[in-house]
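Accompanying notes for the structure given below.
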Amino acid sequence: MAGDRSRPYDDLTPDTVLDALQSAGLRGDGRLLALNSYENRVYQVSLEDDSQVVAKFYRPSRWSDRQILEEHAFAAELEGREIPVVAPRVLGGRTLHEFRRHRFAVYPRRGGRSPELEDEKVLEWIGRFLGRIHAVGAAAPFQQRPALDLDTFGTEPRDWLLAHALIPDDLRDAWASVSAQALCGVQQALERAGRIRSIRLHGDCHAGNILWTGDGPHFVDLDDARMGPAVQDLWMLLPGEGAQAATNLRALVAGYEQFFDFERRELLLIEALRTLRLLHYSAWIARRWNDPAFPAAFPWFGTQRYWQDRILELREQVAAMQEPPLAC
C-alpha cells in the first residue's frame, strides 16, 4: 500500500488524484473539492467536458480487493433494480482501479440535501426504499464481507483499547468494568431476540448518507456494507428516545413493510446495536490517530473528559438495554 500505512494519504496530492483519474480514462480540468470523509479520501472532480465525478480513494488495509468489489457488486445489483443507490462507474471494464498503489473508484456526482426526518412522509418514503434494499440484500449473503456482531463491533474493539493503554490509569478500571457490563447487556439482548435473520445491509444508514431531492431519497456510501440484522439500517434514523422515536419508527416501518417484512423481535436489538457502535467508534478513532485528519477532527479524543463521558454513556446504555423496546 502507499507509503506509511499510518499516514496513507501523505502522497495523495491534487496532481496524484488527477493523474489517477486520467489513468482510468477521465481528464480533470484541475478543479478539486475535498469532501467530508475520514475513513477514505473523497474528492469532487470537475472534468474537461464540464461534468463532475466523485473519486473515492480507499484506506489501505481496511478492505481487501474482493471485499471492495463485493460492495460494488451489491451497489450495482441495487441500481439494476432501480433502487436509488449511487454505484461506482465502470471504466475500462472495471469499477476498482489502482494508481501508484492507491486503490480508487469513481462515482457519478449526485447532489441533494439532508432528509427532514421530522416529516413522517419523508420517513415512510425512506422506509420504502430500505425495504427494497433489504429485499435484495436478503436474496443472497456476502461471501467476503464480515458481519456486524458482538465480537467484531464489541469484544474485539474493547480488547484492543485495553491492550493499547489508551485509557487514563485512574479511569481504566471503571471503563473496563462498565464496558464488560455493556457487552453482557448486548449478549442478553441477543438472547432475548432469539434467532435473527442476517442480511446484506447498507451498514451505516444515517441521515448523512441519504441525500434528498425533489425525486425523493438516494443512498450513498456503501463502504460499511456488511451482514447483519435489518434493524441496523433503521435505528440510526430515529431520535434517541421517547414518543418521537416511536413515531418515526412507525413511519419507517409503514413504508418498509410495503416491500419487505420487518421482524418485530429486532426492536430488542436497537439499544444493543447503539452500544456496539459506541464501543467500535472509540476504537476506530484510536486506530486512525496517526492519520493527521483525525487529531484535527477529534481534538478532544483521549482526554480525561472524553473517557469520563464514555463511562457515563455506557452506564446509560446498560440501563437502556434493560428498558422495554420501542413499539410500532
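The values are calculated or read from the model by the stated rules, or taken from the named source; none is laboratory data. Every value quoted in this text rests on a predicted model; they were computed, and no experiment measured them. Every residue, glycine as well, gets a Cβ built from its backbone with ideal geometry; the counts of neighbours run over all protein chains shown.
Remarks
This table checks each residue for (1) in a helix (DSSP H, G or I); (2) in the same structural domain as Ala76 (by TED's automatic domain parsing); (3) free of Cβ contacts under 8 Å to residues at least 40 places away in the same chain.
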site: Leu130; (1), (2), (3): yes, no, no
site: His134; (1), (2), (3): yes, no, no
site: Ala139; (1), (2), (3): no, no, yes
site: Gln143; (1), (2), (3): no, no, no
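- The selection criterion, being within 30 Å of Arg41 (Cα to Cα) and surrounded by fewer than 18 Cβ atoms within 10 Å (Cβ to Cβ), holds for Ala293.
- Of the helices (runs of 4 or more DSSP H) lying entirely inside the stretch 219-328, those containing at least 1 residues that are within 23 Å of Leu130 (Cα to Cα) and not hydroxyl-bearing (Ser, Thr, Tyr) are 232-235, 242-256, 270-287.
- Residues in the stretch 106-121 that are within 30 Å of Ala24 (Cβ to Cβ), over 18 Å from the mean Cα position of the chain (by Cα) and outside any loop (DSSP other than H, G, I, E, B): 3 in all.
- Residue within the stretch 149-159 that is surrounded by fewer than 20 Cβ atoms within 10 Å (Cβ to Cβ) and small (Gly, Ala, Ser) present: no
Each row is one residue, and each column tells you yes or no for (1) in the same structural domain as Leu252 (by TED's automatic domain parsing); (2) in contact (Cβ under 8 Å) with a residue 40 or more places away in the chain; (3) part of a strand (DSSP E or B); (4) closer than 21 Å to His206 by Cβ.
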{"residue": "Lys56", "(1), (2), (3), (4)": "no, yes, yes, yes"}
{"residue": "Arg66", "(1), (2), (3), (4)": "no, yes, no, no"}
{"residue": "Leu78", "(1), (2), (3), (4)": "no, yes, no, yes"}
{"residue": "Gly127", "(1), (2), (3), (4)": "yes, yes, no, yes"}
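- Residue in the stretch 146-162 that is within 19 Å of Phe219 (Cβ to Cβ) and among the aromatic types (Phe, Trp, Tyr) present: no
- Residue satisfying condition, being closer than 24 Å to Arg287 by Cα and either touching a Gly at 6+ places or on another chain (Cβ under 8 Å) or surrounded by 13 or more Cβ atoms within 10 Å (Cβ to Cβ) (or both), within set Ala163, Ala182, Ala193, Ala138: Ala182
- Some residue of the stretch 34-43 being over 19 Å from the mean Cα position of the chain (by Cα), buried (at least 17 other Cβ atoms within 10 Å of the Cβ) and either of a type outside the set (Lys, Arg) or outside the structural domain of Asp204 (by TED's automatic domain parsing) (or both): no
Table: residues versus (1) within 23 Å of Gln188 (Cα to Cα); (2) in contact (Cβ under 8 Å) with a residue 60 or more places away in the chain; (3) in contact with a helix residue (DSSP H, G or I) (Cβ under 8 Å, 6 or more places away or on another chain).
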site: Pro217; (1), (2), (3): no, yes, yes
site: Val231; (1), (2), (3): yes, no, yes
site: Val253; (1), (2), (3): no, yes, yes
site: Gln258; (1), (2), (3): no, yes, yes
site: Glu263; (1), (2), (3): yes, yes, no
site: Glu266; (1), (2), (3): yes, yes, yes
site: Leu276; (1), (2), (3): yes, yes, yes
site: Ile285; (1), (2), (3): no, no, yes
site: Cys328; (1), (2), (3): yes, yes, yes
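- Residue among Glu156, Glu191 that alone is in a helix (DSSP H, G or I), under 16 Å from Leu276 (Cα atoms) and more than 21 Å from the chain's Cα centre (by Cα): Glu191
Rundown of residues vs (1) at pLDDT below 95; (2) in the same structural domain as Phe153 (by TED's automatic domain parsing); (3) surrounded by 15 or more Cβ atoms within 10 Å (Cβ to Cβ), yes/no style:
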position: Leu238; (1), (2), (3): yes, yes, yes
position: Asn248; (1), (2), (3): yes, yes, yes
position: Gly255; (1), (2), (3): no, yes, yes
position: Phe262; (1), (2), (3): no, yes, yes
position: Tyr281; (1), (2), (3): no, yes, no
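- Single match in Glu98, Glu82 (criterion: assigned to a strand (DSSP E or B) and without any contact (Cβ under 8 Å) to a residue 40 or more places away in the chain): Glu98
- In the stretch 290-305, the residues that are on the phi > 0 side of the Ramachandran plot form Cβ pairs under 8 Å with partners that are at pLDDT 95 or above and in a helix (DSSP H, G or I), at six or more places apart or across chains, as follows: Gly302/Ala286.
- Enumeration of residues in the stretch 263-277 that are out of contact with any Gly (no Cβ under 9 Å at 6 or more places or on another chain), closer than 12 Å to Thr155 by Cα and of a type outside the set (Lys, Arg): none
- Scanning the stretch 264-279 for residues that are surrounded by 21 or more Cβ atoms within 10 Å (Cβ to Cβ) and over 14 Å from the mean Cα position of the chain (by Cα) gives Leu268, Leu269, Ile270, Glu271, Ala272, Thr275, Leu279.
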